Amino acid sequence: MPSFERLTIAEARTLTRAELLPRIEQEQKYWYDRIHACAMQPGDEQAFKTFNDIVHIAADPHRAISDTDAIAEGRPFDRDYWTKPLGELGEL
């Protein structure tokens, strides 16, 4: 049993990216350790898929690069992407 609560789609909808990233890092370590120890159990596949679905929506590297460039160049960017819950943005 993990020493943390696994992310769910319902919970991820209520969190901002800033709130999600530490949770994603924690759960990512859990899955990395589990996979590399060959300790996957029946039923883990669905939980791992759910986690990956959340990661792919919450952590878009192209968006992060684009917004970083905008900040560096003094251009405007959509702050809601980082500060509003994913459910409010309709992304999850």
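Just so you know, all these numbers are worked out from the coordinates, no wet-lab data involved. On a predicted model such as this, the values are computed, not experimentally measured, just so you know.
Summary table below
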item	result
Calculated [θ] (222 nm, deg cm²/dmol) that DSSP helices of n ≥ 4 give over the chain, each run adding -39,500 (n - 2.57)	-19500 deg cm²/dmol
Fraction of alpha-carbon pairs over 19 Å apart in region 32-92 - percent	50
